[in-house]
Structure formats: structure tokens, C-alpha cells
Amino acid sequence: MDLKRVKDYLYWLYYQYLLVTCSYVLEPWEQSMFHTITVTVLAMVAYTAYVFVPIHVRLALEFFSQIFGPQAESAV
């Protein structure tokens, strides 16, 4: 891929982000605060998902394995 196209694509994605969040109408200091808060919230969500989702999946699998029990093998 051409480096200029990648740069243009990333700029386009950033512009779409500005349009969707309506942060293009903010002053520069407000934009920096908004971006800082947004990145912080996304980082906390990613960390929480990384830490707690595997635990809940394991507990759900244990729960459903207790409910349904070991499956009987079919006698053929």
C-alpha cells in the first residue's frame, strides 16, 4: 500500500470521528479534554473486558456443565 494513501485514510477516519462526535466545533483546549476523556474511557473498557470477561466465561461454562452434567456416550 502506498504511504500517502494510508495517511489519507487515517486522516479520513479521524475526520469521521470528529464528525460523529461533533468535536470539530469545540475549541482546541476543549477538544484535547474531550479526546483525553474518550481515550481514558476506552482504555478502561478494554482493561475491564480483558480482566473480567474470561472469568465470567469460565464461570458460565462451569455453571452450564453442572446443569447439563456429563453427556452419556451412545452405545453403538
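The values are calculated or read from the model by the stated rules, or taken from the named source; none is laboratory data. Just so we're clear, the structure is a prediction, and the values are computed from it rather than from any experiment. Cβ coordinates were reconstructed from backbone atoms using ideal geometry, including for glycine residues, and neighbour counts include every protein chain displayed. In case anyone asks, the SASA skips ligands and DNA or RNA and just uses the protein heavy atoms, side chains included. Shrake-Rupley method; radii C 1.70, N 1.55, O 1.52, S 1.80 Å.
Protection proxy ranking, highest mean first, for peptides 46-54, 15-23: 15-23, 46-54, where packing is the per-residue count of other beta-carbon atoms within 10 Å, averaged. Using the Karplus relation 6.51 cos²θ - 1.76 cosθ + 1.60 with θ = phi - 60°, the per-residue 3J(HN,Hα) values for region 38-54 come to 4, 5, 5, 5, 5, 5, 5, 5, 5, 4, 4, 5, 5, 7, 9, 5, x Hz, with x marking Gly and Pro. Applying a DSSP loop filter and a limit of 14 other Cβ atoms within 10 Å to the trypsin sites (Lys or Arg not before Pro) in the chain leaves nothing.
Distance between the pseudo-spin-label points of D2 and V39 (7 Å out from Cα toward the beta carbon): 3.0 nm. Largest to smallest in accessible area, the residues H56, H35 fall in the order H56, H35 (1.4 Å probe, all protein chains included). Dipole size of the chain about its Cα centre, with +1 on Lys/Arg Cβ and -1 on Asp/Glu Cβ: approximately 160 debye, rounded to the nearest 20. At an R0 of 30 angstrom, the distance between the Cβ atoms of E30 and I55 translates into a FRET efficiency of 0.20.
Among the listed values (1) 1.23; (2) 2.04; (3) 1.13, the one computed from these coordinates for Cα Rg over 2.2 N^0.38 Å is (2).
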